[in-house]
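Here the structure comes first, spelled out in structure tokens, and everything after it is commentary.
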Amino acid sequence: MMTILSPTLDLKGAVRAQVEAGFDEVQALYRQLHRYPELPFQEHKTSARLAEALGSLGFEVTRGVGGTGVVALLRNGEGPTVMLRGDMDALPIEERTGLEFASRESAENAQGERVPLMHACGHDLHSSCVVGAAGVMAALRERWNGTLMLICQPAEEIFGGARAMLDDGLYERFARPDVVLGQHNMPALAGTVGHIAGRAMAACTNLAVTIHGAGGHGSMPAQTVDPVVIAAHVVTRLQTIVAREVPPEETVVVTVGKLQAGTQANIIPHSAELEINVRSFDDTLHRQVVAAIERIVRAECEAGRSPRAPEFRVLNETIALHNDPVAVDHVRRAHAGHFGSERLYEMPRLNGSEDFPFFGNAEAGGFGGEEIPYVYWFIGATPAERWADTPGASVADKMRHLEMPHSPYYFPGNPETLRTGIEALAAAALAYLGE
């Protein structure tokens, strides 16, 4: 049984002193990562920088786990194993923050296209916080017992990195954690920490569909099978899934984000391409919705005389993130002891998605045995003056008026957020490892 201990006042002071002692170095690392972002599974330079930083703190570091992932261990006697996870990958977005250290990088994506790069989701911040927390824990090792396991994960943006690391034997090769801890930045007030128990983030499936027709001249439609018409019926019919097949108390989104066909007005094309996004908070219901999409597409293709069966391809997917309520309570109490309850807020449920829950889900993660409890919390990223000027009575109200992750203007890396992220990780780890 793990010992759960909220940090004492003395320990809180020691954590903050260590954060300040190493802050300039961590901030310099953060700015370097921000300046040179890399796409999913291309994080070679990023992982090298992070591995070097963790190795210099005395951790046992292994690179190349799940492609470009980094695993760092600090074994400190008998006790539980606590895993802290950060992610590393960036997005194909052109940065417009105007920062002195803004990204001007570009890279070739999986389709062979040259795209601009930006850390528009703050993964550079997350990994920098992990390094900062590593420095705190290494300096205070006389105050805790057990094993600290740090993960710098690739390819979160395409829901590929967590599974890749697990498939590469993460828990068999290194250690199986007793609890998994992680965090994400959000445009809440900088210096605050938000928690949510239970259903926190949605499952997501991005599904590509090809509808086949028999193309020809636009003046002779009777001699063709028009895939555009079939696709149009599919798009309309898909809207009935949420309206007529999902219980009204559940939250499900079905979005057709891409419909592409043809080259000009007088040519009926041979095929139409769709990409469909599905999000929900219940994995069983989620599978039912995906099955309903396939059923509708097949039926419309048959009704439209499609000469070939439609093709389906899952582009990427992840399961719902359900925070363990007991572990959330332990972490929340640790954060209240460290920051003060006035700096905590109730995080609203997000329809966004993460591959973080694979680290705790035995079935979906494929590592067997019992599930591992996990906690995923949120750190605010909006400076106080901007927050005060933003309309709204609640955190959720104010966030609606602020740039969100994936915006070319989004910048979460102010010093207050960086400090809070480091302290939040260290305080949560010490809540399980502390003497």
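Being under 26 Å from ALA155 (Cβ atoms) and touching a strand residue (DSSP E or B) at 6+ places or on another chain (Cβ under 9 Å), is that true of even one residue in region 301-311? Yes, some residue in region 301-311 is under 26 Å from ALA155 (Cβ atoms) and touching a strand residue (DSSP E or B) at 6+ places or on another chain (Cβ under 9 Å). Give me the pairs, please: first residue somewhere in region 127-148 and more than 14 Å from ALA427 (Cα to Cα) and of a type outside the set (Ser, Thr, Tyr), second residue anywhere and open to solvent by less than 10 Å² (accessible area, probe 1.4 Å) and in a helix (DSSP H, G or I), beta-carbon distance under 6 Å, and either six or more positions apart or on two chains. Every condition considered, the pairs that remain are GLY146/LEU433.
How about region 133-169: which of its residues are assigned to a helix (DSSP H, G or I) and either open to solvent by 10 Å² or more (accessible area, probe 1.4 Å) or on the phi > 0 side of the Ramachandran plot (or both)?
Within region 133-169, GLY135, ALA138, ALA139, ARG141, GLU142, ARG143, ARG163, ALA164, LEU166, ASP167 meet the criteria.
When region 111-132 is filtered for residues that are assigned to a helix (DSSP H, G or I) and over 13 Å from ARG419 (Cβ atoms), the ones remaining, listed by number, are HIS123, ASP124, HIS126, SER127, VAL130, VAL131. Residue pairs whose Cβ atoms lie under 7 Å apart, separated by 6 or more positions or on different chains, with the first residue in region 206-231 and assigned to a helix (DSSP H, G or I) and of a type outside the set (Ser, Thr, Tyr) and the second open to solvent by 30 Å² or more (accessible area, probe 1.4 Å) and modelled with pLDDT of 95 or more, are PRO227/ALA261; PRO227/SER271; VAL228/ALA261; VAL228/GLY262; ILE230/GLU300; ALA231/LEU259; ALA231/ALA261.
Here is a yes/no grid of residues against (1) out of contact with any Ser or Thr (no Cβ under 6 Å at 6 or more places or on another chain); (2) over 20 Å from VAL235 (Cα atoms); (3) open to solvent by 30 Å² or more (accessible area, probe 1.4 Å); (4) modelled with pLDDT of 95 or more:
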| site | (1), (2), (3), (4) |
| --- | --- |
| GLY262 | yes, no, yes, yes |
| ASP283 | yes, yes, yes, yes |
| PRO307 | yes, no, yes, yes |
| LEU321 | yes, yes, no, yes |
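Test GLN111 against the stated conditions and say whether it is open to solvent by 50 Å² or more (accessible area, probe 1.4 Å) and more than 18 Å from ALA164 (Cβ to Cβ). Criteria met by GLN111.
Pairs meeting the criteria (first residue in region 385-402 and under 19 Å from LEU344 (Cβ atoms), second residue of a type in the set (D, E, K, R), beta carbons under 9 Å, at least 6 apart or on different chains) are TRP387/LYS398; GLY392/LYS398; GLY392/ARG400; VAL395/GLU346. When every residue of region 287-302 is checked against the conditions, none turns out to be part of a loop (DSSP other than H, G, I, E, B) and either closer than 30 Å to GLU354 by Cα or among the hydrophobic types (A, V, I, L, M, F, W, C) (or both). Residues in region 170-195 that are farther than 30 Å from TRP387 by Cβ, open to solvent by 10 Å² or more (accessible area, probe 1.4 Å) and either in contact with a helix residue (DSSP H, G or I) (Cβ under 6 Å, 6 or more places away or on another chain) or part of a loop (DSSP other than H, G, I, E, B) (or both): PHE174, ALA175, ARG176, ASP178. Yes or no: SER127 closer than 23 Å to GLN18 by Cα, of a type in the set (Ser, Thr, Tyr), within 21 Å of the chain's Cα centre (by Cα) and buried (at least 18 other Cβ atoms within 10 Å of the Cβ)? Yes, satisfied.
Counting only residues that are outside any helix (DSSP H, G or I), out of contact with any helix residue (DSSP H, G or I) (no Cβ under 8 Å at 6 or more places or on another chain) and not charged (D, E, K, R), which one in region 31-61 is farthest from ALA107 (Cα to Cα)?
Among those that are outside any helix (DSSP H, G or I), out of contact with any helix residue (DSSP H, G or I) (no Cβ under 8 Å at 6 or more places or on another chain) and not charged (D, E, K, R), it is SER56.
Residues in region 246-286 that are β-branched (Val, Ile, Thr) and in a helix (DSSP H, G or I): THR284 alone. Only a single criterion out of (1) in contact with a strand residue (DSSP E or B) (Cβ under 9 Å, 6 or more places away or on another chain); (2) open to solvent by less than 40 Å² (accessible area, probe 1.4 Å); (3) at negative phi is not satisfied by PRO221, namely (2). Against the criterion of being in contact (Cβ under 8 Å) with a residue 60 or more places away in the chain and either surrounded by fewer than 21 Cβ atoms within 10 Å (Cβ to Cβ) or in contact with a Phe, Trp or Tyr (Cβ under 9 Å, 6 or more places away or on another chain) (or both), GLY64 does not qualify. If you go through region 285-305 and keep only what is exposed (fewer than 13 other Cβ atoms within 10 Å of the Cβ) and among the hydrophobic types (A, V, I, L, M, F, W, C), you end up with ALA291, ALA303.
When residues in region 248-287 are screened for being free of Cβ contacts under 8 Å to residues at least 12 places away in the same chain and either within 22 Å of the chain's Cα centre (by Cα) or over 22 Å from GLY304 (Cα atoms) (or both), 4 of them pass. Note on region 4-26: among residues that are farther than 21 Å from GLU416 by Cβ and either open to solvent by 80 Å² or more (accessible area, probe 1.4 Å) or part of a helix (DSSP H, G or I) (or both), the one that is modelled with the highest pLDDT is LEU11. Only one of the listed residues (GLU94, GLU78) is under 22 Å from the mean Cα position of the chain (by Cα), assigned to a loop (DSSP other than H, G, I, E, B) and surrounded by fewer than 17 Cβ atoms within 10 Å (Cβ to Cβ). That residue is GLU94.
The values are calculated or read from the model by the stated rules, or taken from the named source; none is laboratory data. Keep in mind the model is a prediction, meaning the values are calculated, not measured. Because the Cβ atoms are built from the backbone with ideal geometry, glycine has one as well, and the counts that use them run over all protein chains shown. Note: accessible area is taken over every heavy atom of the protein model, side chains too, but ligands, DNA and RNA are not part of it. Shrake-Rupley method; radii C 1.70, N 1.55, O 1.52, S 1.80 Å.
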